[in-house]
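Colleague: Let me give you the structure first, and then I'll get to my questions.
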Amino acid sequence: MKKTIGFLLLFTLIFTVCGCQNNDIDVRGKYENDTTRVSSDISSDTNLSTEEFSLGNITGNVYKNDFIGISYKLDENWTFYNDEQIKELNNITVDMAGDEVEELVKNATIVYDMCATDGDQLNNIIINLEKVSNRKLFSLNIEENLKTLVPILMDGSKNMGYENIDYEIIDVEVDGKMLDALHTTAEINGVNMYQTMFQKKCNGYLASITITTYFYDAISDLIDNFYWTE
């Protein structure tokens, strides 16, 4: 299990720090959420959800998170990680439950909310939320934030053995909305890797949705399974 999880997170772990370098975040997971931004300022940004924080729910082959305002319907060959696997992604002991888990999630800087993999457990979709103060979110430019991640990704991917790495900021359409996204292509052991990440502001969090496929680029087909719940 740990080997599989580690492989799936080769790239997404690089994105666990918001490019805006939020000084309110302590890398040890301690955080005081910023609630000083007036609600009118928050609501003036249509990309910033003002819902109360909550994790997503999975019913059958559908993931839904009203806090992010997004849902995803799995293809028949894909499966969601179960509760125990998600706990392991979040470094939570599998025998913890209820209030213990809720408290750990509440205090975490990064929370992995959803992971889905195909039948070979190679291609994957991961959604994580990072605590960022509303003050920082209000002024955060998603395109510029994605650009700041490129040198971090470059160094990390080279250390992991990836070659012929290329990045570009692209526009992706998610359920009728055009969003800035970071698209990456690379090779490892002669295998092509394709990855696209887009982000969404939420109240006190920045949600990152990362889609990775190997051998051939299936990103567009997978994005078509996302839809907004707002």
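Colleague: Determine, yes or no, whether Thr196 is of a type in the set (Val, Ile, Thr), surrounded by 20 or more Cβ atoms within 10 Å (Cβ to Cβ) and modelled with pLDDT of 90 or more.
Modeller: yes
Colleague: Restrict the check to the stretch 172-182 and report whether at least one residue is modelled with pLDDT of 90 or more, more than 25 Å from Thr229 (Cβ to Cβ) and either exposed (fewer than 11 other Cβ atoms within 10 Å of the Cβ) or among the β-branched types (Val, Ile, Thr) (or both). Before the answer, list the steps.
Modeller: Of all residues in the stretch 172-182, those modelled with pLDDT of 90 or more come to 172-182.
From what is left, the residues that are more than 25 Å from Thr229 (Cβ to Cβ) are none.
No, the conditions are met nowhere in the stretch 172-182.
Colleague: Looking at the structure I just gave you, is Gln121 polar (S, T, N, Q) and under 15 Å from the mean Cα position of the chain (by Cα)?
Modeller: no
Colleague: Looking for whichever is of a type in the set (Gly, Ala, Ser), at pLDDT below 95 and surrounded by 13 or more Cβ atoms within 10 Å (Cβ to Cβ) here; the options are Gly156, Gly161. Which one fits?
Modeller: Result of the check over Gly156, Gly161: Gly156.
Colleague: Let me ask you something else. Looking at the stretch 126-230, what strands (runs of 3 or more DSSP E) fall wholly within it and have at least 3 residues that are under 16 Å from the mean Cα position of the chain (by Cα)?
Modeller: Per the criteria, 177-188, 191-202, 205-214, 226-228.
Colleague: Among the residues that make up the stretch 110-124, is at least one of them at pLDDT 85 or above, assigned to a helix (DSSP H, G or I), touching a strand residue (DSSP E or B) at 6+ places or on another chain (Cβ under 7 Å) and of a type in the set (Val, Ile, Thr)?
Modeller: No.
Colleague: Is it the case, given these coordinates, that Phe80 is closer than 20 Å to Ser220 by Cα, in contact with a strand residue (DSSP E or B) (Cβ under 9 Å, 6 or more places away or on another chain), at pLDDT 85 or above and not charged (D, E, K, R)?
Modeller: yes
The values are calculated or read from the model by the stated rules, or taken from the named source; none is laboratory data. Because the structure is predicted, anything quoted here is derived from the model rather than measured. Glycine also receives a Cβ, built like all others from the backbone with ideal geometry; neighbour counts cover every protein chain displayed.
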